[in-house]
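In what follows, a structure is listed as structure tokens, so that the remarks can point back to it.
The values are calculated or read from the model by the stated rules, or taken from the named source; none is laboratory data. Just so we're clear, the structure is a prediction, and the values are computed from it rather than from any experiment. FYI the Cβ positions are ideal-geometry reconstructions off the backbone, even for glycines, and counts take in every protein chain you see. Note: accessible area is taken over every heavy atom of the protein model, side chains too, but ligands, DNA and RNA are not part of it. Shrake-Rupley method; radii C 1.70, N 1.55, O 1.52, S 1.80 Å.
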Amino acid sequence: MKAIVYTEYGSPDVLQLKEVERPSPRDNEVLVKIYAASANAADWHLMRAEPFLARLENGLLKPKNTKLGADIAGRVEAIGRNVTQFQTGDEVFGSMPLNELGGFAEYVCAHEDLVALKPAKMTFEQAAAAPLAAFTALQGLRDKGQIKPGQKVLINGAAGGVGTFAVQIAKSYGTEVTGVCSTRNLDMVRSIGADHVIDYTKEDFTENGQRYDLIFDAVGNRSVSDYQRALSPEGICAVAGFTSLSRLFQVMLLGGKKVGLMETAKGNKKDLLIIRELLEAGKVVPVIDRAYSLSEVPAAIRYLEEGHARGKVVITVEHNNKP
Ligand SMILES: NC(=O)c1ccc[n+]([C@@H]2O[C@H](COP(=O)([O-])OP(=O)(O)OC[C@H]3O[C@@H](n4cnc5c(N)ncnc54)[C@H](OP(=O)(O)O)[C@@H]3O)[C@@H](O)[C@H]2O)c1
């Protein structure tokens, strides 16, 4: 099968489309013929081994797992002997754990607990756009952020892969949502349900006198005192990303009870089913910026790394749409 492979850390130039052995499912795994995948920040963090800590995960000098790509959607081609939840031909979507990426390929083996039936009305691209970004938004808002109906919630980075899911998931909890993005994305962020939008090129959300019960930051470009200024007395700030190591360490060391990093998002069946329900109900609609082919994954990652994707960047994998 064809797969994107990297054998050394570096820029997207290290990514090569190669012929590799097709994996076989272990007892609890399904073999998925991939129809679509999506790119995440995790792909370029691992590809570049940036920050340096990524090397502890995937090899000090060179990558142990040479594949990338977390999110997948496709058709079950074969099942391991203990698989009970799926059969050959099922259309599924899901997300691979960070130490087992492999979605930028024609086939991948996934544990049956990490995939679910694809929402019937969604395209494979839409389904592949959702898992990791939606897990991040859901787990950040719910677990770290303790989101509750009626709250005033601010999403920083509302136009990005994670942010577009965060706006819609926060709305599904019955909250009043403010999205922060640049001028060109104001209409899009409004269109996915934000009650208010703030153009960060014109207004600083930490200086406008508003207070929020929950800030979900998918950018991570602000100081702890900025967050504190914009939070209500009982408010919580959940930080999902960071723009520099100093920002990361500041939040870790000085955040106190109110401001903190969310745990790294993890795929699990319970949350995947929650996401599927939101997708099926139309409460969450993936925003897709661009689609690239498998051989164009280096260009897709290059684009994502520029930091201004509008929603998700997806990969369409050639297939004949037959079992
Ligand atoms: N903790 C976890 O488990 C976890 C999981 C996934 C991702 N993450 C992290 O979450 C972050 C976001 O990921 P992503 O996939 O959403 O990235 P992304 O799609 O690349 O985000 C791009 C978005 O960021 C916005 N942006 C850039 N500068 C901004 C600013 N100063 N203020 C507000 N918005 C700004 C851009 O909007 P404009 O074009 O309008 O500027 C663009 O829409 C990354 O740092 C990633 O590493 C963490």
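Worth a mention:
- Failed item, numbered, when Gly174 is tested on (1) more than 12 Å from the ligand (Cβ to nearest atom); (2) assigned to a strand (DSSP E or B); (3) open to solvent by 20 Å² or more (accessible area, probe 1.4 Å): (2)
- Here the strands (runs of 3 or more DSSP E) wholly within segment 212-323 that include at least 2 residues being open to solvent by less than 60 Å² (accessible area, probe 1.4 Å) and away from the ligand (no atom under 15 Å from the Cβ) are 212-217, 231-239.
- Segment 144-155, subset under 12 Å from Ala194 (Cα atoms) and not charged (D, E, K, R), residue nearest to the ligand (Cβ to nearest atom): Ile155
- Segment 125-143 - residue that is open to solvent by 10 Å² or more (accessible area, probe 1.4 Å) and within 9 Å of the ligand (Cβ to nearest atom) and, of those, nearest to Asp217 (Cα to Cα): Thr136
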